Amino acid sequence: MGMIDEMNSLKQKIYLCKRCNLWKTRTNPVVGEGSLTTNIMFIGEAPGYNEDQQGKPFVGRAGKIFDELLNSIGLKRKDIYITNILKCRPPDNANPSPEQIKACSPYLDEQIKIIQPKIIVTLGNFALSYIFDKFRLKQEKISSIHGRVFTLANLVGIEKIVAMYHPAVAAYNPSMKAILIKDFKNIGDYS
Ligand code: URA
Ligand code: SF4
């Protein structure tokens, strides 16, 4: 199977998924979107209201900021792939629970295998925590490691991991936005 077929069959599995309680309240699952041949994969937290309505990642307020950040390094959505730790929206935008993450993360793992990005960019604490754990990087606070590019030795496929603050933190905070813009410059070389 080619990568397009693999992603389509994964999409079908996710649309039928009932592995955690979130299937009951979702309008649409949000699988992910973008290039399957990209070098760069972004991972957010979970769909919000607008994402659940449209079935697309980062289309609300955080998405607008994400687009600005991408554009600031000369990239467009079609140049990258973006998905989330959870594919269905937690009601009231609650934090993902450990059980939900455990149930849903095999889908993300499969997406990483299909796309084989050269760099994974985590957006926010939940993605940081999952990805750093998966690749056995030392868990550190986002405030101390944001924007730093970690290079993994002896690993097939992914070579770099970088943790960013979640774009939503910049919504009402210009200084956080400045930090994000600065940190995003560190991924510019990998497109
Ligand atoms: N926040 C996220 O983490 N993901 C989305 O898709 C939207 C908002
Ligand atoms: Fe399945 Fe993930 Fe949706 Fe839970 S959040 S129902 S595990 S696709």
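FYI, it's all coordinate maths here, none of it is from the lab. The model shown is predicted, which means the values in this text are computed figures rather than measured ones. Please note: Cβ atoms are built from the backbone with ideal geometry, for glycine as well, and neighbour counts cover all protein chains shown.
Can you classify the range 81-165 as rounded, prolate or oblate using the Cα gyration tensor, where a ≥ b ≥ c are the square roots of its eigenvalues, rounded means a/c under 1.5, and otherwise it's prolate if a/b beats b/c and oblate if not? Working shown, then result.
On the way: a/c = 1.95, a/b = 1.30, b/c = 1.50.
Since a/c reaches 1.5 but b/c is at least a/b, the shape of the range 81-165 is classed as oblate.
Let's test the formula: R0 of 25 Å, r as the Cβ-Cβ distance of K118 and K182. What FRET efficiency results, to the nearest 0.05? Don't skip to the end; give the middle numbers.
Numbers: r = 21 Å, r/R0 = 0.85.
About 0.70, to the nearest 0.05.
Among the aspartates and glutamates, select those whose C-alpha is under 17 Å from the C-alpha of K185, and discard any that sit fewer than 8 residues away in the same chain.
Of all the aspartates and glutamates, those that pass the test against K185 - Cα under 17 Å, at least 8 places apart if same chain - are D67, E68, D79.
Take A171 and K24, extend 7 Å from each Cα along the Cα→Cβ direction, and tell me the distance between the two endpoints in nm.
Here the modelled spin labels are 2.6 nm apart.
Restricting to bridges with both residues inside the chain, how much of the DSSP beta-bridge set is antiparallel, in percent to the nearest 5? Don't jump to the answer; show the numbers that get you there.
Details: 5 of 18 bridges.
Roughly 30 percent of the beta bridges in the chain run antiparallel, per DSSP.
Could you size up the charge dipole of the chain around its Cα centre, putting +1 on the beta carbon of Lys and Arg and -1 on that of Asp and Glu, and report it in debye to the nearest 20? Can you show the working numbers first?
Details: 26 positive and 18 negative charges, 30 e Å.
Approximately 140 debye in magnitude.
To the nearest 20 debye, what charge dipole does the range 116-182 have about its Cα centre, counting +1 at the Cβ of each Lys and Arg and -1 at the Cβ of each Asp and Glu?
Working: 9 positive and 3 negative charges, 20 e Å.
The calculation lands at about 100 debye.
Reachable lysines from K24, Cα under 25 Å, same-chain residues fewer than 8 places away excluded?
Once the sequence-local lysines are set aside, what remains near K24 is K11, K13, K56, K87, K102.
According to the square roots a ≥ b ≥ c of the eigenvalues of the Cα gyration tensor, what is the shape class of the range 3-188, taking rounded for a/c under 1.5, prolate for a/b larger than b/c otherwise, and oblate for the remainder?
Numbers: a/c = 1.42, a/b = 1.20, b/c = 1.18.
Rounded shape, in that the Cα axes give a/c under 1.5.
Hey, got a sec? Which trypsin sites (Lys or Arg not before Pro) in the range 116-191 land in a DSSP loop and have at most 11 other Cβ atoms within 10 Å?
Numbers: sites: K118, K134, R136, K138, K141, R148, K160, K177, K182, K185; in loops: K118, R136, K138, K141, R148.
The qualifying sites are R136, K138, K141.
Straight-line reach from K141: which lysines have Cα under 19 Å away, leaving out those fewer than 8 places along the same chain?
K160, K177, K182
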